[in-house]
Amino acid sequence: MGTVYCGPFAEAVGYHDHEGYSARILPDGTETAIWTYETREFVGYRAHCECGWRGRHRYAATDEGEQLADEEWDRDHLRPLIDAEAQRYTVPASRLLDFTRELRESLTTTDDEQGRPMLTAHCQGVLHAAEQLERFLDDLAQNGGEL
Ligand SMILES: [Zn+2]
């Protein structure tokens, strides 16, 4: 029912302890993850996490309110955990440059209507990502290693 993070640094942030969900706020103020007949009448949502974290805002008892609570958990709880873990690592620029080369070497083409080779739509996206990373590395070099 909740959201479990499975991206970079998932193990390091203890993803299994941080399942986020939108708790229903019942008329008596109780907040619950249980969605049953008994909790069918509720007055709002609040972001919750299995670790005990609670969102600061109360959202409307609507689909939009549920979505906003889920977004609060992601933005105000999960992302700071991931960002704090990411701050612990430094990736050498040479490794990123190797990665852009690998991306460029993986590009494949198809023939256009005139039989000329052209990048597939997927490879246009890969090329764009490689170019973005190359620009980032170039900006880094021009700014003395700081961005
Ligand atoms: Zn948590």
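The values are calculated or read from the model by the stated rules, or taken from the named source; none is laboratory data. Everything quoted here is computed from the prediction, not taken from an experiment. Using ideal geometry, Cβ is built from the backbone for each residue, glycine included, and neighbour counts are taken over all protein chains shown. Each accessible area value is taken on the protein alone, full model and side chains, heavy atoms only, with ligands, DNA and RNA left out. Shrake-Rupley method; radii C 1.70, N 1.55, O 1.52, S 1.80 Å.
Here is how the numbers come out for the structure above:
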quantity: Region 23-147 - percent relative contact order, Cα under 8 Å, separation 6 or more; calculated: 13 percent
quantity: Amide proton proximity set for residue 118, modelled H, under 5 Å, gap of 5+; calculated: 110, 111, 112
quantity: Rounded to whole Hz, the Karplus (6.51, -1.76, 1.60) HN-Hα couplings of region 70-81, x for glycine and proline; calculated: 4, 5, 5, 4, 5, 6, 9, 10, 5, 4, x, 5
quantity: Region 10-86: relative contact order as a whole-number percent, Cα under 8 Å and 6+ apart; calculated: 30 percent
quantity: The chain - charge dipole about Cα centre, Lys and Arg +1 at Cβ, Asp and Glu -1, debye rounded to 20; calculated: 260 debye
quantity: Protein accessible area in region 10-86, 1.4 Å probe - carbon and sulfur %; calculated: 47 percent
quantity: Highest-MSF residue in the chain out of 76, 28, 111 [GNM, Cα springs under 10 Å]; calculated: 111
quantity: Computed label-point distance, nm, for sites residue 114 and residue 61 using a 7 Å Cα→Cβ extension; calculated: 6.4 nm
quantity: Base-10 log of normalised Debye intensity for the chain (one unit scatterer per alpha-carbon) at q = 0.11, 0.15 Å⁻¹; calculated: -0.68, -0.87
